[in-house]
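Structure first, commentary second.
Nothing in this text is a laboratory measurement; each read-out follows from the coordinates by a stated rule. Being a predicted model, the structure only gives us computed values, none of them experimental. Counting neighbours? That spans all protein chains shown, and the Cβs are built from the backbone with ideal geometry, glycine included.
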Amino acid sequence: MEQLQRLARAKSVKLPAGYWVEWGGAFENQQRAMARLGVIVPLTIGLIFILLYTAFNSLRHATLIIANVPFAIIGGITVNNWLFVIILIAVILALVGAF
């Protein structure tokens, strides 16, 4: 999709007069959701870190637990690739909920 957008921006695709290219539909919704998740997920991880710190009263233990998040995400993506699952918003939300 990004390659098509680059081609359209570079004007290498000639359209007849009165025609235009608009990226919308499911693609537009997915882009909006990904932008929203880019803000919400770091805030959530930060809040979880604060809760872990207050629960354990130890920066070391809270950091050790939060350090497992990237490994959980990598494992989830690996399993999705083994099962040939397309990465959709639902899959990303499931990965976020898994950790």
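A few notes on this one:
- Placing pseudo-labels 7 Å out from each Cα toward the beta carbon at W20 and L83 gives an inter-label distance of 4.2 nm.
- A simple spin-label model places pseudo-atoms 7 Å from Cα toward Cβ; at M34 and A55 they are separated by 3.2 nm.
- For region 23-98, the fraction of alpha-carbon pairs in successive 5 Å shells from zero, as %: 3, 14, 19, 20, 18, 13, 8, 4, 2, 1
- The chain: most fluctuating residue of P70, P42, P16 per GNM, C-alpha cutoff 10 Å: P16
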